Amino acid sequence: MSAALGALARELGVQLVEREGRGVRLTEAGVAFEPYAAEVLGLLDQGRQAAVEADGVRKARIRVVAVNTAGEYLLPPLIQAYRREHPGAEILLEIGNRATVFERLTSHRADVGVGGRPPGHELDGSPFLDNELIVVGREPSTDLDGATWLLREAGSGTRAATERFLTERGLEPPEQLTLGSNGAVKQALAIGLGVSLISAHAVVRELRAGQLVQIPAAGTPLVRPWYVLLPRGVPTRPAVQGFCDFLRSSRAPEIIEGSL
């Protein structure tokens, strides 16, 4: 690897790494070069996969990246249903926040994503399912301004929606707590730590069991569609297109509803 990095540095005419203690770290030039290298390697991997799938050598391998809520509650039953129709298809699912999803797609380290509306012009997105955000707590509450609000981590689409919700309604809660996952938010809700704006998909079982309650709030539910996301400007492999068509089919909402 050292030889390969040295050859690349000589070709570029700049140093890409430098020593730091017993290891190495990227130079400023290396940091600038890294996203381009990642994109090229991602495209090569996609091209390699397209070739072996077209030749029939291997079964389809589809790399999916999804935001936390979609990855935890929507994709597992959809992947299960898809694999029943396409035995042997390999689906690799990575879960992260909104920023991670967009980075994986633009660097071509994922084939397809599921998340909120894509920003900018690097990704194509098509809505396939409504995502209703509702206010939830352990007990009914009318004092949302005085409640502690539980927020997801920075970079989360749900957090951004919550911050807009509070600002647009002039709510100034005395305390906001940041929790890093839906599971942590739900545990905090269950012990009465506060209230939260959260996807109905994430709490449908808790609401049904009476462990949590939906709190009426003006402007809710907020409807934010889930999108199938694809990198723009590169060919979509037939296997990936088939999986996207499955997600956008009329069956997808029925599959998800039956699993919750």
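The values are calculated or read from the model by the stated rules, or taken from the named source; none is laboratory data. Keep in mind it's a predicted model, so treat the numbers as computed, not measured. As a convention, Cβ positions derive from the backbone with ideal geometry for all residues, glycine included, and neighbour counts pool all protein chains shown. Heavy atoms of the whole protein, side chains included, go into the accessibility calculation; ligands, DNA and RNA do not. Shrake-Rupley method; radii C 1.70, N 1.55, O 1.52, S 1.80 Å.
Figures for the structure shown
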read-out	value
FRET efficiency estimate (nearest 0.05) - Cβ-Cβ, GLU163 to ARG117, R0 22 angstrom	0.85
Potential extension, LEU26-ALA99 segment - 0.36 nm per residue separation minus Cα distance	24.1 nm
Residues in the range 172-187 that a label on GLU153 would reach, taking backbone N under 20 Å of a point 7 Å out along Cα→Cβ	176-187
Separation between Cα centres of the range 76-114 and the range 201-260, rounded to whole Å	14 Å
Size descriptor, Kirkwood hydrodynamic radius, that averages inverse alpha-carbon separations across the chain, Å	20.7 Å
Förster-model FRET efficiency, 30 Å R0, GLU90 and SER126, C-beta, rounded to 0.05	0.80
Protein-only accessible surface order, largest first, of ARG19, ARG109, ARG237 at 1.4 Å	ARG19, ARG109, ARG237
Three-way shape call for the range 65-107 based on the alpha-carbon gyration tensor, with the a/c threshold at 1.5	oblate
DSSP beta bridge pairing in the range 47-205, given as percent antiparallel to the nearest 5	20 percent
